[in-house]
Amino acid sequence: MHFAVLLSLGFAYANICDVGETLATIERIPDGDGEAWVTEWTKTADRLAKLAAESLSGGHDVSARSRFLRASTYYDHASAMAPGSDDPTRYSSLWEKHRDCWDRAVDLFETPIERVEIPYEGTTLAGYLFKPSSSNEPRPTVILNNGSDGPVISQWSMGGRAAVMRGWNAITFDGPGQGAALHRQKLFFRPDWERVVTPVVDFLLTRGDVDPDKIALQGISQGGYWAPRAAAFEHRLAALVADPGVMRVASSWEMHLPTDMVRLLDDGNKDDFDAVMAMDPDEGRKRLLAWRIAPYGVTSVFDAYVEARKQTLDDATVSGIECPTLVLDPDNEQFWPGQSQQLFDALTCAKQIERFTVGEGADWHCEPAAQSLRDERVFDFLEDVLR
């Protein structure tokens, strides 16, 4: 919950949340009360969605856009805590409200935002292309690869807005296990993420407004595994950013397990592992685990751990990355500590690592409270490379 609040405060940088609304909402939530979290963020979002509709009907498009964006962020906060709750169906129903508010805001942006459908294995992946203008001139384009649970709106704050301000395009999309692909299409995480990113690159190369020699890829959170994995096989990328570097996704799960539980995993003892996990008296942990399991498309906790273990990079795979790469390394990285340095050390291409410190207010996973600083460093690197 604390991390989500830091993210929300950081989102004020891109005007997709309000600091006062965030603080007022969490004031109504007792510490650790997951049910109150869902209820109170929903109340805040409902109020703003209603005000946004009133602004729109009154011809106040700028106010409507701002309110829809904030409501979208808050609905996502509520949705994320709904798995394992008294009414887990709210995971998808609140996500749909989040997406509806985002889509209504998209229609009101001064910056052109194009809804796109990216061909993918007999279906399509939903995405959004941000452009600085409607002209068809070829521009540098950054692919914004979201994390395991980030809403599409977060990518406006963590790269989309910064790209447009520099005269670039940016594209974000829902890959398997993310957003619309999860809630509407029932597509789930896969370790061979090059099979997701390559179709995005193929799509971009059909467009006249994309410079084919200046396509970059940024991976956020678990995207710090997916983006390097994709870049090891997709060599049409001009640059790569990993925030943070992730060599082994399952480490963030296993660091909390007692040694005996890890041994059950190693031994393939599914029945005993699931039985012990079911006895956990901590409802907050159960709720969090239910949320983390959902994108893997399994019901067994053991199976989810096994699937997470498949998302692992080794030095041989990392050595396949050819494009210049920036790895972000924040102090107090709570999910994959030390793995940014491990990825950096394994890279054989031109590479750079950027530290983000407590003293800068930029610590924690993905620098949640210092999103302006992270954008400045990321895009300075990308500008230098793509020149």
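Any read-out appearing in this document is the output of simple, stated calculations on the displayed coordinates, not a laboratory observation. Keep in mind that this is a model prediction, so the values were computed, not measured. With ideal geometry, Cβ positions are generated from the backbone for all residues, glycine too; neighbour counts draw on all protein chains shown.
Return the calculated 222 nm mean residue ellipticity for the chain, to the nearest 500 deg cm²/dmol, obtained by summing -39500 (n - 2.57) across DSSP H runs with n ≥ 4 and dividing by the residue count. Mean residue ellipticity at 222 nm (helix-derived): -14000 deg cm²/dmol.
Multiplying the residue separation of D271 and R184 by 0.36 nm and subtracting their alpha-carbon distance yields 28.3 nm. Starting from the Cα gyration tensor of region 27-161, take the square roots of the eigenvalues, sort them a ≥ b ≥ c, and report rounded, prolate or oblate (rounded when a/c is under 1.5, otherwise prolate if a/b is larger than b/c, else oblate). Judged from the Cα gyration tensor, region 27-161 comes out oblate (a/c at least 1.5, b/c at or above a/b).
Ranking of H365, H183 by neighbouring Cβ atoms within 10 Å, starting from the fewest: H183, H365. Relative contact order of the chain, taken over Cα pairs closer than 8 Å and 6 or more residues apart, is 15 percent.
Among D282, D76, D46, the residue with the largest mean-square fluctuation in a Gaussian network model of the chain, with springs joining Cα atoms closer than 10 Å, is D282. Projecting label points 7 angstrom from Cα along Cα→Cβ for N332 and H2 puts them 0.7 nm apart.
The slack between A316 and V19, meaning 0.36 nm per residue of separation minus the straight C-alpha distance, is 102.4 nm. Near P244, once Lys and Arg are set to +1 and Asp and Glu to -1 for all other residues with Cβ below 9 Å from its Cβ, the sum equals -3.
Loop-located trypsin sites (Lys or Arg not before Pro) in region 178-279 (DSSP state not H, G, I, E or B) with no more than 10 neighbouring Cβ atoms inside 10 Å: K186. Work from the charge dipole of the chain (Cβ charges, +1 for Lys and Arg, -1 for Asp and Glu, about the Cα centre) and give the residue of V210, T141, G245 farthest towards its positive end. Of V210, T141, G245, it is V210.
Efficiency by 1/(1 + (r/R0)^6): what FRET value for T299 and H60, r their Cβ-Cβ distance, R0 = 41 Å, to the nearest 0.05? About 0.35, to the nearest 0.05. Qualifying chymotrypsin sites (Phe, Trp or Tyr not before Pro) in region 216-287, where qualification requires a DSSP coil assignment and no more than 16 other C-beta atoms within 10 Å, comprise F233.
List, in the order given, every pair from K43/K286; K270/K310; K97/K186; K43/K97; K50/K97; K214/K351 whose Cα-Cα distance in the structure shown is over 20 Å. Distance filter (> 20 Å) returns K43/K286.
Among the GluC sites (Glu not before Pro) in region 33-110, those located in a DSSP loop and surrounded by at most 16 other Cβ atoms within 10 Å of their own Cβ are E110. Working from label points 7 Å from Cα in the Cα-to-Cβ sense, the L373 to R28 distance is 3.2 nm.
Dipole check for the chain: with +1 at the C-beta of Lys and Arg, -1 at the C-beta of Asp and Glu, and the Cα centre as origin, the magnitude is about 880 Debye. The modelled label-to-label distance for the pair D211/A278, using points 7 Å beyond Cα in the direction of Cβ, is 5.8 nm.
Measuring nothing but how far apart in sequence close Cα pairs (under 8 Å, 6+ apart) lie, relative to its length, region 251-309 scores a relative contact order of 34 percent. In plain terms, the chain from D107 to A350 could stretch by 83.5 nm, reckoned as 0.36 nm per residue minus the Cα-Cα distance.
Placing unit charges on each Cβ (+1 for Lys and Arg, -1 for Asp and Glu) gives the chain a dipole about its Cα centre, and among P281, A64, A304 the Cα reaching farthest toward its positive end belongs to A64.
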